[in-house]
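Student: Take a look at the following structure, please.
The values are calculated or read from the model by the stated rules, or taken from the named source; none is laboratory data. Quantities reported herein were computed from a predicted structural model and do not represent experimental measurements. Don't worry about glycine lacking a Cβ; one is built from the backbone with ideal geometry, like all the others, and counts go over all protein chains shown. What goes into the accessible areas is simple: the full protein's heavy atoms, side chains included, and nothing from ligands, DNA or RNA. Shrake-Rupley method; radii C 1.70, N 1.55, O 1.52, S 1.80 Å.
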Amino acid sequence: MPRRSRTSLTDSAARTTRQVTRSLRTQAVTLGTMLGTFWVTFAVNSLLGGALTGFGIVPRTTDGLRGILFAPFLHGNVNHLVANTVPFAALGWMVMLRDARHFLPVTAFAMLGAGLMAWTLGAPGSVHIGASGVVFGYLGFLLLAGVYARSFWSIALSLVTASLWGGLVLGIAPSQPGISWQAHLGGFLGGILAARRYT
């Protein structure tokens, strides 16, 4: 078989570089858009005196069901928002790194799992807000994707996730007041279901 010319190899490398650059740009725009929405929503809610907080998940109420969609974009204060921004960006990017096509479905599974669990098990009259349920969904997905896919890359990514973020799993157990362990647990289970579905 004839050897590939140096020009052909160079062109192939250039195409690969462009594809990687385009993929990274798309990932950055997707994550940046979602995180930007978190921060803009927080700013608007602050200007409105917290009026949007009522769109969070209110357990076992009809109106509270809308929080499944809106709660991840609402945060109580800057510390709450920052605490969710960093792991959302890191774990969300790792989900994309595994397969960018799975980012939105995994996010939807996590939102649904977190929302339904908070709505079902949350204390009466409480309001559950924040993106931590989605973060736990990403965590569950990444930890179990290696188990279900059984490929070297998936297992390696699961091990990296466990070493860097495994301690977050403790957040699915009831802990301090004001922390929605219900949303954490639901999001985590949603991520596991997504891993089973998409790997």
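Student: Can you give me the angle between helix 78-98 and the longest principal axis of the chain, using Cα atoms only, in degrees from 0 to 90, rounded to the nearest 10?
Tutor: The angle comes out at about 30 degrees.
Student: From the backbone phi of segment 21-28, what are the Karplus-calculated ³J(HN,Hα) couplings (6.51 cos²θ - 1.76 cosθ + 1.60, θ = phi - 60°) in whole Hz, Gly and Pro given as x?
Tutor: Working through the residues one at a time gives 4, 4, 5, 5, 5, 5, 4, 5 Hz.
Student: Further question: What value, in deg cm²/dmol to 500, does the helix sum -39500 (n - 2.57) over DSSP H runs of n ≥ 4 give at 222 nm once divided by the residues of the chain?
Tutor: Per the formula, -23500 deg cm²/dmol.
Student: P(r) tail for segment 75-199, what percent of Cα pairs lie past 25 Å?
Tutor: 18
Student: How far apart, in nm, are two points set 7 Å out from the Cα along the Cα-to-Cβ line at residue 60 and at residue 151?
Tutor: Placing both labels 7 Å along Cα→Cβ, they lie 4.5 nm apart.
Student: Keeping every protein chain present and rolling a 1.4 Å probe, give me the accessible area per residue for segment 95-199 in Å².
Tutor: 47
Student: Ok, one more. On the first, second and third principal axes, largest extent first, how far apart are the outermost C-alpha atoms of segment 104-173 in Å?
Tutor: Each principal axis gives a Cα extent; for segment 104-173 these are 46, 24, 16 Å.
Student: I need the phi-derived Karplus couplings for segment 103-108: 6.51 cos²θ - 1.76 cosθ + 1.60, θ = phi - 60°, integer Hz, Gly and Pro marked x.
Tutor: 4, 5, x, 5, 4, 5
Student: Quick check: Cα centre of segment 173-199 to Cα centre of segment 47-108, how many Å?
Tutor: 13
Student: Turning to a different aspect of this structure: Can you run phi through the Karplus equation (6.51, -1.76, 1.60; θ = phi - 60°) for segment 131-147 and list ³J(HN,Hα) in whole Hz, with x for Gly and Pro?
Tutor: Per residue, the Karplus-derived 3J(HN,Hα) values read 8, 5, x, 5, 4, 5, x, 4, 4, x, 4, 5, 5, 9, 4, x, 5 Hz.
Student: If I compute solvent accessible area with a 1.4 Å probe over the protein chains, what percent of it on the chain is carbon and sulfur?
Tutor: Of all accessible area on the chain, carbon and sulfur atoms account for 68 percent.
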